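Q: Structure below; questions to follow.
Values in this text are rule-based calculations from the coordinates and carry no lab data. Here the structure is a predicted model, which is why all the values come from computation and not from measurement. Cβ coordinates were reconstructed from backbone atoms using ideal geometry, including for glycine residues, and neighbour counts include every protein chain displayed.
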Amino acid sequence: METGEAHVLVRAVGEIDLGTASLLSDQLTEASRAVPSGGALVLDLAPVDFVGSAGLAVLLDHHQRLAAAGIALRVVVTGGAVARVFEITEMASVLTVHESVDGAVVG
């Protein structure tokens, strides 16, 4: 977890599936506590190879929780299998998706 002036950055790695989704959820919960008022939580999925339905559920759950707290969730997806999953599931119509961490930090 990295903190900036108006954001907190979480980098996920590997696979986000039934066995690891709860770990991501815990990281996002912890990171959300450090986000400055009116700031954003940036989740970098660029190093992620796979996101399953359990991972998508975690993202949607935290998106709703953060929005209720006035915190933006910005997700970085750069391509590959993760981008394909986001395309098929239309996650980009629900989540704010960026192609780079720099773009997500700026908003």
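Q: Roughly what would the spin-label model give for D102 and A54, points 7 Å off Cα along C-beta, in nm?
A: Those two pseudo-labels are separated by 3.6 nm.
Q: OK, next. In nm², what is the average projected area of the convex hull enclosing the Cα atoms of the chain?
A: It is 5.6 nm².
Q: Please work out the FRET efficiency for the pair R33 and V13, using the Cβ-Cβ distance as r and a Förster radius of 22 Å; give the result to the nearest 0.05. Could the numbers behind the result be given before it?
A: Details: r = 22 Å, r/R0 = 0.98.
Plugging the Cβ-Cβ distance into 1/(1 + (r/R0)^6) gives 0.55.
Q: So, one more: What does the helix-only formula give at 222 nm for the chain: each DSSP H stretch with n ≥ 4 adding -39500 (n - 2.57), the total divided by the residues, and the result rounded to the nearest 500 deg cm²/dmol? Display every interim value, and only then the final one.
A: Details: 4 runs with 46 residues, N = 107.
After summing the helix terms and dividing by residue count, I get -13000 deg cm²/dmol.
Q: If you build a Gaussian network model of the chain, linking Cα atoms that sit under 10 Å apart, which residue out of V13, V42, V82 swings the most?
A: V13
Q: Step through the residues of region 27-34 one at a time and calculate ³J(HN,Hα) from phi using the Karplus curve (6.51 cos²θ - 1.76 cosθ + 1.60, θ = phi - 60°), rounding each to whole Hz and writing x for Gly and Pro.
A: Per residue, the Karplus-derived 3J(HN,Hα) values read 5, 5, 4, 4, 5, 4, 5, 9 Hz.
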